[in-house]
1. Return yes or no: is P161 more than 27 Å from E106 (Cβ to Cβ) and either at pLDDT below 95 or touching a Ser or Thr at 6+ places or on another chain (Cβ under 8 Å) (or both)?
2. Of all residues being among the charged types (D, E, K, R) and surrounded by 13 or more Cβ atoms within 10 Å (Cβ to Cβ) in segment 196-215, which is farthest from R176 (Cα to Cα)? Just the residue, please.
3. Could you identify the single residue in A101, A81 that is surrounded by 10 or more Cβ atoms within 10 Å (Cβ to Cβ) and at pLDDT 85 or above?
4. Can we say L200 is at pLDDT below 95 and part of a helix (DSSP H, G or I)?
5. Please pick out the residue among P156, P168, P180 that is farther than 16 Å from A101 by Cβ, at pLDDT below 90 and part of a loop (DSSP other than H, G, I, E, B).
6. When segment 90-140 is examined, which residues are found to be over 19 Å from the mean Cα position of the chain (by Cα), within 30 Å of L196 (Cα to Cα) and among the hydrophobic types (A, V, I, L, M, F, W, C)?
7. P137 - would you say it is in contact (Cβ under 8 Å) with a residue 40 or more places away in the chain, assigned to a helix (DSSP H, G or I) and out of contact with any Asp or Glu (no Cβ under 9 Å at 6 or more places or on another chain)?
8. How many residues are in contact with a helix residue (DSSP H, G or I) (Cβ under 7 Å, 6 or more places away or on another chain) and either surrounded by fewer than 14 Cβ atoms within 10 Å (Cβ to Cβ) or β-branched (V, I, T) (or both) if we restrict to segment 130-155?
Amino acid sequence: MNRNNWPTLILQQQLTELREAEQFIAEALRQAQEQLAQTEAALNATRETRQQIDPPLRAMQERLQTGRGRLASLHTLQEAALGRHERSVNDWLHTQGLANAPRLAERLEVESGWEVAVEATLTGWLDAICVPGLEEPAHAAHTALPQGRLTLFELPNEPSPGVSANSPPAEMLLARVQAPWPLAGLLDGVRTTADLTEALVNRASLGENETFITPEGAWCGRHWVRLT
């Protein structure tokens, strides 16, 4: 081979390598452009999705904040309804070792839809302090409680002799309430009915010491009605 041709061959080889490198770079650039296009498309889709999601998300966040505020308010109201804000009574309960004694309402399990009815019929009893025996705390409260209203509810170890072991009839409110102890003394004679109209129509059929209660808390006797 003529040495005079070497520069030409070297240049041709370099030119071939440069063309191959150019093709490689061009292919890499094409793939990068495709990936960029896909990324931009995904980004645009994400932006559109976010624009769609943002309004309901903000609404849900507002509802959550409102719900938390309402929950806190209801908790405060519940604590007040259970008598936990009556300082004189609470101080006395601490001295008697009854600060953690459950309230009657905390031990009740009520069938869904009948909560208002139970609250209406047990007004004045829901904040009762549940104690194992009445004599000692009753005498102590009678002599030492400075002010406030206190209701004590004795927790019997077993049903009283006069309490039937059978389940109450389905039309009685007792059938819709569960508790670790008998509630017959508080809910005796309270029958359930669909609404106030039905209660008023059928009130003449009530026996002695019987009443009707509706899910909305309308409480009706033969000659009286109390609306909640």
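1. Yes, satisfied.
2. Filtering segment 196-215 for residues that are among the charged types (D, E, K, R) and surrounded by 13 or more Cβ atoms within 10 Å (Cβ to Cβ), the one farthest from R176 (Cα to Cα) comes out as R203.
3. So the residue among A101, A81 that is surrounded by 10 or more Cβ atoms within 10 Å (Cβ to Cβ) and at pLDDT 85 or above is A101.
4. For L200, the condition - at pLDDT below 95 and part of a helix (DSSP H, G or I) - is not met.
5. P168
6. Result: L104, A117, A120, L122, W125, L126, A128.
7. Spelling it out, P137 is indeed in contact (Cβ under 8 Å) with a residue 40 or more places away in the chain, assigned to a helix (DSSP H, G or I) and out of contact with any Asp or Glu (no Cβ under 9 Å at 6 or more places or on another chain).
8. Adding up the residues that qualify gives 4.
The values are calculated or read from the model by the stated rules, or taken from the named source; none is laboratory data. Worth saying up front: this structure is predicted, and the values here are computed from it rather than measured. Virtual Cβ from ideal backbone geometry, glycine too; neighbours counted across all protein chains shown.
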